[in-house]
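Colleague: Below is one structure. I have some questions about it.
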Amino acid sequence: MGRDAIEVHFHHGRRQRVCLGAPRYRLLYLRVGGIDSVYAGVKSQGVAITRELRHENWPARGFNFNDPSGNDVHIEQPD
């Protein structure tokens, strides 16, 4: 995924879990400006949004989706 002069690349590899039985949960957290434009751009590419754009419990607005490997991506803009 890229926007302006910034690109983010997602890589999926096999890594040993730190603790056997621990869930495999990965999250990429991005802070951006112009969250409405970013949200519209992600949706226009056909990405399934898993958590719609909303006000967070902290001073920010954000949304989530999963990358092709199933990792959770959270994008937000501070208020």
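The values are calculated or read from the model by the stated rules, or taken from the named source; none is laboratory data. Every value quoted in this text rests on a predicted model; they were computed, and no experiment measured them. All Cβ positions, glycine included, derive from the backbone under ideal geometry; neighbour counts span all protein chains shown.
Colleague: Considering only residues of region 11-48 that are among the β-branched types (Val, Ile, Thr) and at pLDDT below 90, which is nearest to residue 68 (Cα to Cα)?
Modeller: Per the stated criteria, the residue is 32.
Colleague: If you scan region 24-45, which residues turn out to be farther than 18 Å from residue 78 by Cβ and not in a loop (DSSP other than H, G, I, E, B)?
Modeller: The answer is 40, 41, 42, 43, 44.
Colleague: Also: Select from region 49-58 the residues that are out of contact with any strand residue (DSSP E or B) (no Cβ under 6 Å at 6 or more places or on another chain) and either in a loop (DSSP other than H, G, I, E, B) or modelled with pLDDT under 95 (or both) and list them in ascending order.
Modeller: Within region 49-58, 57, 58 meet the criteria.
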